Amino acid sequence: MDGNDEERSALIHEYYQIYRALQKRHSLREHSHFDIYGNNFIEIWEYAGERRGRCICKVKEETETACYKRAIEILISYGGKGDHAKYEQKAEQRAG
C-alpha cells in the first residue's frame, strides 16, 4: 500500500463519508480494487433498481491514496456546491 497510513486512513474515511451521503440520494454502487502491482481503480455507477445507469466516477491511479483523492474530487463535483462547501470546511478543520 502507500507509505503514510494516517493520510490513507483519513482519505478513506473522507471518501466514504461523501460516498455514503450521495449513495442514499442517488442510488450509487461502488466497485474498487487495489493491489501491490498498481492495478488500482474505483468505479461508481448510478442504479435504478437492479439496472445500472451511467458511470459517475472511473478512476485509475498508480496508488490507492491517489485513487481516493481523485474520487473525492469527482464525488464533490457530482454532489454539487452545497456538499462541496460542507466537505471543504471539514477538510480545513482537519488540516488546521
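Only residues that are part of a loop (DSSP other than H, G, I, E, B) and open to solvent by less than 60 Å² (accessible area, probe 1.4 Å): list them for the stretch 1-12, please. Full working, then the answer.
Keep residues of the stretch 1-12 that are part of a loop (DSSP other than H, G, I, E, B), which gives 1-4.
Within the stretch 1-12, 2 is the sole residue that qualifies.
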All-but-one check, residue 86 against (1) at pLDDT 90 or above; (2) open to solvent by 30 Å² or more (accessible area, probe 1.4 Å), failing number (1)
Filtering the stretch 13-39 down to residues that are under 13 Å from the mean Cα position of the chain (by Cα) and open to solvent by less than 40 Å² (accessible area, probe 1.4 Å) yields 14, 15, 18, 19, 21, 22, 28
Output for Cβ contacts, cut-off 7 Å, separation at least six or different chains, first residue under 21 Å from residue 62 (Cα atoms) and among the hydrophobic types (A, V, I, L, M, F, W, C) in the stretch 18-37, second modelled with pLDDT under 95 and open to solvent by 40 Å² or more (accessible area, probe 1.4 Å), reads none
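The values are calculated or read from the model by the stated rules, or taken from the named source; none is laboratory data. In this text, all values refer to a predicted model and were calculated from it rather than measured experimentally. Positions of Cβ are backbone-derived with ideal geometry, glycine not excepted, and every protein chain shown enters the neighbour counts. For the accessible areas, the whole protein counts, side chains as well, though only heavy atoms, and no ligand, DNA or RNA atoms are used. Shrake-Rupley method; radii C 1.70, N 1.55, O 1.52, S 1.80 Å.
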